[in-house]
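*Asks:* I'd like to ask some things about the structure below.
A short reminder: the numbers here are calculations on the coordinates, not readings from a lab. Keep in mind that what you see is a predicted model, and the values were worked out from it rather than measured. When we count neighbours, we look across all protein chains shown, and the Cβ atoms used for this are built from the backbone with ideal geometry, even at glycine.
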Amino acid sequence: MSKALDAVVELLDLEQIELDIFRGRSPENERRQRVFGGQVAGQALVAAGRTVPDDRPVHSMHAYFIRPGDPTVPLIYLVDRVRDGRSFTTRRVSAVQHGKTIFTLSASFHHPEPGVLHQRTMPDVPAPQDVPSTAERMEELFGEEGREYRGRNPIDIRHLGPLSFEAARDPSLRVARSMAWIRADGELPDDPLLHVCIMTYASDMTLLDSVLLANGLTWADGKIAGASLDHAMWFHRPFRADRWLLYSQESPVAAGGRGLARGELFTQDGELVVSVMQEGLIRLIG
């Protein structure tokens, strides 16, 4: 396991300080001005999952980012046991800092059962081993400065199309769809909840880039300010976050200072395992 991934696994190992109350932290020496949204969502899902029997995996979560999180102080997660039914279990989680709720999550857990089957076909794309890593792409674009990216990301991401930096420079590269192979950068323990929470963390890393790609923008150009507003995921089948997953992402609309993005995660065998939706603030400032 890489040091970056090991650090994320530690972040997801919450401290239980009372029944249905958990404490999480942010990475030490965090450079961000606010807590990364994928971290809060992943930690909240850990808190919810630890109050549910192992034979009921999560099948959906819906979250709202209410206030920016402070990376310098702990996050307190309060779990509300909304319902324990015969087939479904529902949990509501609030993340609190400085006495205020900064994030809420509702998650539903379901005992697997047989039913109808169909899915969208996986896009035909090159294999992950034939695609350069983001670190290699960044180094090619920015030289020595881009080399600093190497080894810092807990998720190995290999983009199949233009990066937002490239689309900002070349209008012909502007598209509202992007795809990338992603996986945790190392072997993970055999804990299904951990794999789901790692992918919850990872799903927030690139999804809004599809909005930027369509408009020739990048987070680094100083022209926009952005933040995740809400995030929803549906988990269709078991998967491992340390195996390659194709993340197909697109933005159907941007309006009113907000952009909507949706994504689908496929295994290399073509199974659709996760669906994602997110709306983000995309505010023009430059």
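*Asks:* Considering only DSSP states other than H, G, I, E and B, which GluC sites (Glu not before Pro) in the range 58-165 qualify as loop sites with at most 13 other Cβ atoms within 10 Å?
*Replies:* Passing sites in the range 58-165 are Glu148.
*Asks:* Over the range 217-286, with a single point scatterer placed on each C-alpha, what log10 of the ratio I(q)/I(0) does the Debye formula yield at q = 0.14, 0.26 1/Å?
*Replies:* -0.53, -1.08
*Asks:* While we're here: Could you tell me how far the Cα centroid of the range 156-189 sits from the Cα centroid of the range 235-261, in Å?
*Replies:* Their Cα centres are 12 Å away from one another.
*Asks:* Let me ask something else about it. Picking from Leu245, Leu160, Leu265, which is most flexible by a Gaussian network model of the chain using Cα springs under 10 Å?
*Replies:* Greatest mean-square fluctuation among the candidates belongs to Leu160.
*Asks:* Now, a different point. State the extension gain, in nm to one decimal, for the chain segment bounded by Val175 and Asp70, taking 0.36 nm per residue of separation less the distance between their alpha-carbons.
*Replies:* Net length gain for the segment: 34.4 nm.
*Asks:* So, one more: Round to the nearest 0.05 the FRET efficiency obtained for Asp191 and Ala255 when R0 = 51 Å and r is the Cβ-Cβ distance.
*Replies:* Taking R0 as 51 Å, the efficiency between Asp191 and Ala255 is 0.80.
*Asks:* Among Arg174, Arg83, which comes first, second and so on when ranked by fewest other beta-carbon atoms within 10 Å?
*Replies:* Arg83, Arg174
*Asks:* Also, I was wondering about something else. Relative contact order, percent, of the chain when contacts are C-alpha pairs under 8 Å separated by at least 6 residues?
*Replies:* Here the relative contact order equals 18 percent.
*Asks:* Convex hull over the alpha-carbon atoms of the range 1-137: what's its volume per residue in Å³?
*Replies:* 174 Å³
*Asks:* Next question. Using the Karplus curve 6.51 cos²θ - 1.76 cosθ + 1.60 with θ = phi - 60°, what ³J(HN,Hα) values do you get for each residue of the range 123-131, in whole Hz, with x for Gly and Pro?
*Replies:* Values, residue by residue: x, 8, 9, x, 5, x, 5, 9, 10 Hz.
*Asks:* Where the centroid of each part is defined by its Cα atoms, how far is the range 49-106 from the range 1-46 in Å?
*Replies:* About 13 Å separates the Cα centre of the range 49-106 from the one of the range 1-46.
*Asks:* Kirkwood hydrodynamic radius for the range 170-286: how many Å is it when counted over pairs of different Cα atoms?
*Replies:* Mean inverse Cα-Cα distance, inverted, gives 14.9 Å.
*Asks:* Further question: For the range 242-258, what does the Karplus curve 6.51 cos²θ - 1.76 cosθ + 1.60, with θ = phi - 60°, yield as ³J(HN,Hα) per residue in whole Hz, taken in order and with x for Gly and Pro?
*Replies:* 9, 10, 4, 10, 7, 9, 8, 10, 8, 10, x, 6, 9, 6, x, x, 10
*Asks:* Given the options Thr206, Thr51, Thr121, which has the most mean-square fluctuation in a GNM of the chain, springs set between C-alpha atoms less than 10 angstrom apart?
*Replies:* Highest fluctuation among the options: Thr121.
*Asks:* Using helices alone, I'd like the mean residue ellipticity at 222 nm for the chain: each DSSP H run of four-plus residues gives -39500 (n - 2.57), total over residue count, nearest 500.
*Replies:* After summing the helix terms and dividing by residue count, I get -6000 deg cm²/dmol.
*Asks:* Taking the convex hull of the alpha carbon atoms in the range 108-193, what volume per residue do you get, in Å³?
*Replies:* 186 Å³
*Asks:* Helices from the chain with mean Kyte-Doolittle at least 1.0 and a Cα length along the axis of 15 Å or more, per DSSP H: which?
*Replies:* 192-203
*Asks:* Also, I was wondering about something else. Pick the calculated Kirkwood radius over Cα pairs in Å for this structure from (1) 19.5; (2) 20.7; (3) 21.9?
*Replies:* (1)
*Asks:* Taking H as built 1.01 Å from N, whose amide H comes closer than 5 Å to the amide H of Leu229, not counting residues under 5 places away?
*Replies:* Glu279, Gly280, Leu281
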